[in-house]
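Read the figures in this text as sums done on the coordinates, not as results from a lab. Model, not experiment: these values are computed from the prediction. When we count neighbours, we look across all protein chains shown, and the Cβ atoms used for this are built from the backbone with ideal geometry, even at glycine.
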Amino acid sequence: NRIKEQYKVSVRIPQDSERSNLVRIEGDPKGVQMARRELIEMVQRMENERTKDLIVEQKFHRTIIGQKGEKIKEVRDKFPEVRFFSEPADYLTLLLLSMSFL
């Protein structure tokens, strides 16, 4: 919506069910060109992102988290894109690390 409003264009992205990768941009030629450039940049950034989930058994949580959470704070400071989740699963609590690599 931001691109539509900023460049005063109409953008049509096909539904997944259409099995098409054709994006239609209509409007003033200059706005279309600028919107196209920004959409291409967005796609290139997204193509470079990778996510990897690591499942860590509960017995290793203390090692990763550290006393009073100091190790996990250190990891978060160095790598702000890393997210930690703790989820119950049967009898084992899982610690998931999710990262986007650019």
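Using the empirical formula 2.2 N^0.38 Å as the baseline, the Cα radius of gyration of segment 1-78 reaches a ratio of 1.86. Phi-derived couplings, Karplus 6.51 cos²θ - 1.76 cosθ + 1.60 at θ = phi - 60°, listed residue by residue for segment 17-31: 5, 6, 6, 9, 10, 8, 9, 9, 10, 10, x, 4, x, 5, x Hz, with x used for Gly and Pro.
Taking Cβ atoms as reference points and 13 Å as the exclusive limit, the residues near K71 contribute a net charge of +2, counting Lys and Arg as +1 and Asp and Glu as -1.
As an exercise, identify the trypsin sites (Lys or Arg not before Pro) in segment 9-80 lying in DSSP coil whose Cβ has no more than 10 other Cβ atoms within 10 Å.
Details: sites: R12, R19, R24, K30, R36, R37, R45, R50, K52, K59, R62, K68, K71, K73, R76, K78; in loops: R19, R50.
Of the trypsin sites (Lys or Arg not before Pro), the ones in loops of segment 9-80 whose Cβ has at most 10 other Cβ atoms within 10 Å are R19, R50.
3J(HN,Hα) couplings calculated from phi for segment 61-69 with the Karplus curve 6.51 cos²θ - 1.76 cosθ + 1.60 (θ = phi - 60°) are, in sequence order, 4, 4, 5, 6, 6, x, 5, 6, x Hz; Gly and Pro show x.
Take the Cβ-Cβ distance between E41 and K71 as r, set R0 to 30 Å, and report the resulting FRET efficiency rounded to the nearest 0.05.
Details: r = 36 Å, r/R0 = 1.21.
Rounded to the nearest 0.05, the efficiency is 0.25.
Taking amide H as placed 1.01 Å from N in the peptide plane, V56 has its amide H under 5 Å from the amide H of L95, each at least 5 places away in sequence or on another chain.
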